[in-house]
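Written out below as structure tokens is the structure these notes cover.
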Amino acid sequence: MSEAIQAGVDAFFTASAVRGPQASVFAALPGDTPPPSGRAFSVFVAEDMEAAIAVADRMTQAAAAALADSGSDNEAVAAAFALAARLRGDYPEGLVDHAAKLFLTHDHAARNVRIPNLMSRMTVNLTSPLAGAGLTGTLPSLGGTTGSADEDRIGWFREDPLANEHHEHWHLVYVRFDSPNFSVRPRHGELFFYMHQQMLARYDAERLGAGIGRVVPFDDYNASIGVGYDPGGLAIGGTAYLPRPANGQWSALTQIGNYAPADHALRRDRLRDAAANLKLAVPGGASQPLDGAPGSDALGHADESSGKSISGPGYTSFYGNHHGFGHVFTAALSDPATYEGGVMYNPAAAIRDPFFWRWHRHVDDINFHYQEKLPANDFAAAPEVAFGGGNDAGLVILDSALLGNAAAGLGATVGQLADALLGGPRFALDAARDSVQVGQSGGGQPLIVTLHDTIETELRHGIFQLNTAQEVEDEPRFTYPYLWHPSYHFAIRLRSTAAVEQLVTVRLFLCPAYDVDGVTDGSLNDRRQWIELDKFAAPIAAGEEKVLVRADTDSTIVRRPVTPLQANPDVVRDLHFEGQGDDHPDAAACECGWPYHLLYPRGTTAGMRFALLAVVTKDDALIKQGQCGSMSFCAVTDEYPDAKPMGYPFDRPLARPFADLVAGNPSLALRFITIKER
């Protein structure tokens with residue numbers, strides 16, 4: 001794709017738009033009364049999304065016509081954005097911009113054009129005290145505050161630009177409605193629950209490390225929503241975000257049919273009933289039994305809501321738009337006129353508000369209580385394997401830099417060195433923590449590999465820089481506290497006890513380990529505290545003792561490819577996909593995924609105890625991960641890559657205390673590690 005096309009796309013999203021009268025486009029849609037044209041567009045309003053997808057369809061058609069005439073992807077993208085620029089003034093604020101993002105995310109002609117990085121779409125409101133004397137040449141610190149010292153201790157996590165970009169981009173990849181050029185992906189509803197549940201697990205780990213409690217759900221719609229949130233002068237794409245006052249209460253949405261909290265409570269209770277009764281049902285219409293992962297999928301479609309909802313996605317339907325209108329009710333507390341000024345109205349800003357997490361805990365509760373009604377996993381189909389090692393349970397953590405340097409010094413691959421270090425006669429030895437000399441370099445220097453029981457992190461205060469040739473001083477940037485860690489490799493020592501070759505999948509998880517109600521490490525029994533780290537497939541021959549090595553930069557959770565820290569330790573480069581990934585119709589999904597620098601929780605300066613778990617499963621049809629994007633959160637093309645339920649084995653209640661499950665199942669391995677902030 002030409003630089004001129006990318007520059008034009010960048011300008012479309014970052015330049016001040018000239019907008020005309022907002023003619024309503026909702027009258028032609030079936031169902032509800034069109035909202036007033038003064039209300040801005042939101043992803044979280046189903047009717048808005050249907051209209052945005054219709055505009056994205058028009059952009060796709062314009063691109064296809066230009067491509068047929070010229071044979072040029074450049075001409076196709078130019079034609080689509082020429083149409084978008086003309087349409088902007090005819091639609092509610094933000095709708096065409098979102099349609100353009102959908103086009104870039106899904107159209108093959110645009111596969112190597114990127115949506116401008118969130119940082120480049122952010123500005124500081126000049127009325128904010130954070131703006132200082134002016135923006136030119138300055139690096140203001142941009143971050144929200146809540147008025148609560150406890151909540152502000154983890155503000156760095158909520159404000160992280162790449163975490164916010166992950167949330168925004170997931171909602172672009174996973175469209176909620178079918179159309180001539182867009183489709184709801186398989187298992188969309190299941191992933192809606194699972195991706196947000198995993199975000200909650202990570203957030204809870206940060207809260208525990210900061211000494212504050214886990215997220216408390218918001219389920220009383222007449223109650224005060226507690227701490228406020230001030231976005232600190234944040235503006236994205238020309239929208240200046242407004243503070244949300246503390247102790248606010250939801251009230252009727254005057255811009256959307258006067259929909260009231262009581263209306264929403266009715267739909268909440270219907271979803272709860274469906275979870276309790278294992279059945280979605282519409283009076284006088286269809287019903288759908290809920291069973292296993294497909295049940296979570298159907299329940300997720302009804303809650304989010306999508307075009308696959310059994311009752312229809314409109315807010316007045318039987319199950320309504322439960323998830324989305326929680327966002328809208330909250331945004332209205334900041335901006336009663338258009339709602340757009342509340343960060344909860346926009347997925348690019350929503351996770352900054354601590355209430356986002358309370359709302360999503362409540363949303364997740366519905367799926368959790370449904371899952372609790374299912375039979376427990378019994379591990380009967382587990383492969384015939386056992387783990388090597390001693391107190392390390394066969395799970396070894398290696399410093400990637402030292403491992404790579406030692407391997408290079410020996411003229412070996414990392415895998416060969418790990419096998420020499422931990423395999424053969426060393427397969428059963430305890431490698432919980434040690435430094436092992438594995439040979440000498442050509443110059444006679446000893447080659448050392450350190451075996452860790454501690455993962456180190458560091459909270460830095462640096463600059464997020466766009467991935468361009470420009471120096472960071474050339475234009476305004478923002479300083480942020482951001483988490484970092486050295487790269488680690490995991491080595492898993494696995495023995496086959498079968499008489500035939502097996503294809504196995506290794507699943508890695510992490511969980512804060514602490515006592516609960518007098519039960520040692522009782523937190524491990526709470527399946528919602530387990531954080532998925534990675535999963536990968538490997539063959540293992542009959543009777544083989546194998547050392548499987550996996551770099552954390554290859555994690556299926558994180559957005560890939562991972563850009564390493566540059567020479568300046570105070571600058572984190574943007575991770576934008578630059579065409580080096582897979583050439584497929586939705587290559588912009590390469591932009592989707594959890595930030596690598598947030599793979600591990602921060603821990604504490606004294607050291608925070610965690611459980612590291614490996615679960616080995618069999619015959620999972622795990623699709624090969626591509627070169628970019630997050631396989632676990634963003635799939636591979638249109639397929640979700642794992643035949644198992646998302647989060648397995650934590651997708652159902654635990655049959656016994658977790659320590660007993662590990663002791664009774666040789667396909668599970670558990671050890672305890674420390675995460676320590678430098």
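The values are calculated or read from the model by the stated rules, or taken from the named source; none is laboratory data. Just so it is clear, the model here is predicted, and its values are computed rather than measured. As a convention, Cβ positions derive from the backbone with ideal geometry for all residues, glycine included, and neighbour counts pool all protein chains shown. What goes into the accessible areas is simple: the full protein's heavy atoms, side chains included, and nothing from ligands, DNA or RNA. Shrake-Rupley method; radii C 1.70, N 1.55, O 1.52, S 1.80 Å.
Sorting the segments 515-522, 109-116, 620-627 by their residues' average number of neighbouring beta-carbon atoms within 10 angstrom, most packed first, yields 109-116, 620-627, 515-522.
Between beta-carbons, use under 9 Å as the cut-off and find the net charge around residue 487, counting Lys and Arg +1, Asp and Glu -1. Summing Lys/Arg as +1 and Asp/Glu as -1 gives -2.
Would you please classify the overall shape of region 205-253 from the alpha carbon gyration tensor, given that a ≥ b ≥ c denote the square roots of the eigenvalues, rounded means a/c under 1.5, and beyond that prolate means a/b larger than b/c while oblate covers the rest?
Details: a/c = 2.56, a/b = 1.18, b/c = 2.17.
Oblate, since a/c reaches 1.5 and b/c is not below a/b.
Solvent exposure of residue 628, expressed as accessible area, is near 20 Å², computed with a probe of 1.4 Å over the protein chains only. For the pair residue 609 and residue 416 in one chain, pulling the backbone fully straight at 0.36 nm per residue adds 66.4 nm over the alpha carbon distance. Between residue 517 and residue 179, the FRET efficiency estimated from the beta carbon spacing at R0 = 51 angstrom works out to 0.50.
Among 357-369, 417-429, 326-338, how do they line up by average Cβ neighbours within 10 Å per residue, starting with the highest?
Values: 357-369: 21.3, 417-429: 17.3, 326-338: 22.8.
The densest-packed peptide leads the list: 326-338, 357-369, 417-429.
Measuring between alpha carbons in the structure, the pairs from 101/644; 373/546; 546/644; 308/618; 644/676; 279/308 lying more than 27 angstrom apart are 101/644; 373/546; 308/618; 644/676.
Site pair residue 316 and residue 254 shows an inter-label distance of 2.0 nm when each label is modelled 7 Å from Cα along Cα→Cβ. Among the GluC sites (Glu not before Pro) in region 338-441, none is located in a DSSP loop while being surrounded by at most 16 other Cβ atoms within 10 Å of its own Cβ. The simple spin-label model puts a point 7 Å past each Cα toward its Cβ; for residue 2 and residue 247 those points are separated by 6.0 nm. Rounded to the nearest 20, the Cβ-based charge dipole of region 240-346 about its Cα centre (Lys and Arg +1, Asp and Glu -1) stands at 140 debye. Taking the Cβ-Cβ separation of residue 149 and residue 276 as r and a Förster radius of 45 Å, what is the calculated FRET efficiency to the nearest 0.05? Efficiency, from the Cβ-Cβ distance: 0.70. Between residue 501 and residue 380, the FRET efficiency estimated from the beta carbon spacing at R0 = 25 angstrom works out to 0.75.
For region 220-352, the square roots a ≥ b ≥ c of the C-alpha gyration tensor eigenvalues yield an a/c of 1.5 or more together with a/b exceeding b/c, which makes the shape prolate.
Run the dipole for region 489-545 about the Cα centre, Lys and Arg Cβ at +1, Asp and Glu Cβ at -1, nothing else charged, and hand back the magnitude in debye, nearest 20.
With only Lys, Arg, Asp and Glu charged at Cβ, the dipole is about 160 debye.
Simple rule: put +1 on each Lys or Arg Cβ and -1 on each Asp or Glu Cβ in region 608-659, find the dipole, and look at 641, 657, 631; the Cα lying farthest toward the positive end is 657. Classified by the C-alpha gyration tensor, region 240-282 has a prolate form. Its axis ratio a/c, with a ≥ b ≥ c, is 1.5 or above, and a/b is larger than b/c. Going 7 Å from the Cα of residue 623 toward and past its Cβ, which residues in region 637-660 have a backbone nitrogen under 14 Å from where you end up? Answer for this model: 637-644.
Determine, for each peptide in 49-62, 300-313, 281-294, 658-671, the mean count of other beta carbons within 10 angstrom over its residues, then list the peptides with the highest first.
300-313, 49-62, 658-671, 281-294
The slack between residue 108 and residue 665, meaning 0.36 nm per residue of separation minus the straight C-alpha distance, is 195.9 nm.
Using the Cβ of residue 336 as centre and a radius below 12 Å, the other residues enclosed give a net charge of 0, where K and R count +1 and D and E count -1. Kirkwood's formula applied to the C-alpha pairs of region 334-402 gives a hydrodynamic radius of 17.5 angstrom.
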